[in-house]
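Derivation of every value follows stated rules applied to the coordinates shown; laboratory data play no part. Because the structure is predicted, anything quoted here is derived from the model rather than measured. With ideal geometry, Cβ positions are generated from the backbone for all residues, glycine too; neighbour counts draw on all protein chains shown.
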Amino acid sequence: MRLLLDTHILLWYVLGDSQLSPTSRALILDPANEILISPASFWEIAIKVSIGKLELHAPFEDFFEVCLNRYGFGILPVEVRHAAQVSHLPFYSGHKDPFDRLLVAQALTDNLVLLSVDSKLDQYSVTRMG
């Protein structure tokens, strides 16, 4: 299965946060699954670090080196087709987060499972687990 990690799932996994469900942990650890992260998550984390909302246990660049090299996560590049999908997504009440919208668009466009606990994303008919 190809899984795209929502930013909070990525953080919980790498930082060892107890909020990560056993199901999510098992899916990430299953060698049969391809685990992908979006540059949208890089951007979201960078913004949260820069405004003091998030503190990483390592410098930003080192944090992502761990994600890519130690955990073997792949990067799902943002392509024009993903942005085009964003342009077709409706704005549902209570949900306008630009990072989530791009993750949803990537998951829909590439037929990925979005690993997230955010049930608001179900409004977009994306396949979500978490």
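Of the peptides 94-106, 28-40, 70-82, the order by per-residue mean of other Cβ atoms within 10 Å, starting with the highest, comes out as 94-106, 28-40, 70-82. Of HIS57, LEU102, THR7, which is farthest on the positive side of the dipole of the stretch 2-129, counting Cα position, with +1 on Lys and Arg Cβ, -1 on Asp and Glu Cβ, and the Cα centre as origin? Of the candidates, LEU102 comes out farthest on the positive side. Three principal axis extents describe the C-alpha atoms of the stretch 2-129; from largest down they are 37, 36, 27 Å.
Contact order for the stretch 2-129, expressed relative to its length and based on alpha carbon pairs under 8 Å spaced 6+ residues apart, stands at 31 percent.
Taking the Cα centre of the chain as the origin and placing charges on Cβ (Lys, Arg +1; Asp, Glu -1), which of LEU27, PRO39, LEU121 is farthest toward the positive end of the dipole? The Cα lying farthest towards the positive end belongs to LEU121.
About the Cα centre of the chain, what is the dipole size in debye to 20, counting +1 per Lys and Arg Cβ and -1 per Asp and Glu Cβ, all else neutral?
260 debye
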